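A.B. asks: First, the structure itself, so that you have it in front of you.
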Amino acid sequence: MMIEQYSCKFVEEIMELGGQLIDVRSPVEFNQGSLDGAVNMPIEKFQILKDDIDSSKPVLLYCRTGARSGSVKNYLDQLGFSQVHNIGGLMQFMGC
């Protein structure tokens, strides 16, 4: 499976279009630092929290390395979400 490389510019453009930036790390990790505008939806609680996501808007997922957010992307794809992006790890975007 190929992992796409996302840029700060891409993330900014999607956010301007009403995108939803979701951090799937634990609340402890989230509180240690997150991307501006991100909402914390820990992977452990995602089945419940997914109902808060607007399926008509783009979704940007991230975690520490991109592994957990990749799992969540697959899950949302299976649920029929069409605009889901696993942008990868947090550190890649901290300087944006």
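The values are calculated or read from the model by the stated rules, or taken from the named source; none is laboratory data. On a predicted model such as this, the values are computed, not experimentally measured, just so you know. Heads up, the Cβs are rebuilt from the backbone with ideal geometry, glycines too, and the neighbour counts pull from every protein chain shown.
A.B. asks: Against the condition farther than 13 Å from residue 93 by Cβ, out of contact with any helix residue (DSSP H, G or I) (no Cβ under 7 Å at 6 or more places or on another chain) and touching a residue at least 12 places away in the same chain (Cβ under 8 Å), how does residue 27 come out, does it pass?
C.D. replies: Yes; evaluated as a whole, the condition is true for this residue.
A.B. asks: Something else: If the requirement is being touching a helix residue (DSSP H, G or I) at 6+ places or on another chain (Cβ under 9 Å), among the small types (Gly, Ala, Ser) and modelled with pLDDT under 95, which of these qualifies: 71, 55?
C.D. replies: Details: 71 fails: modelled with pLDDT under 95.
55 is the lone residue from the list that is touching a helix residue (DSSP H, G or I) at 6+ places or on another chain (Cβ under 9 Å), among the small types (Gly, Ala, Ser) and modelled with pLDDT under 95.
A.B. asks: Of all residues in segment 67-88, how many are at positive phi and either crowded, with 20+ Cβ neighbours inside 10 Å or of a type in the set (D, E, K, R) (or both)?
C.D. replies: 1
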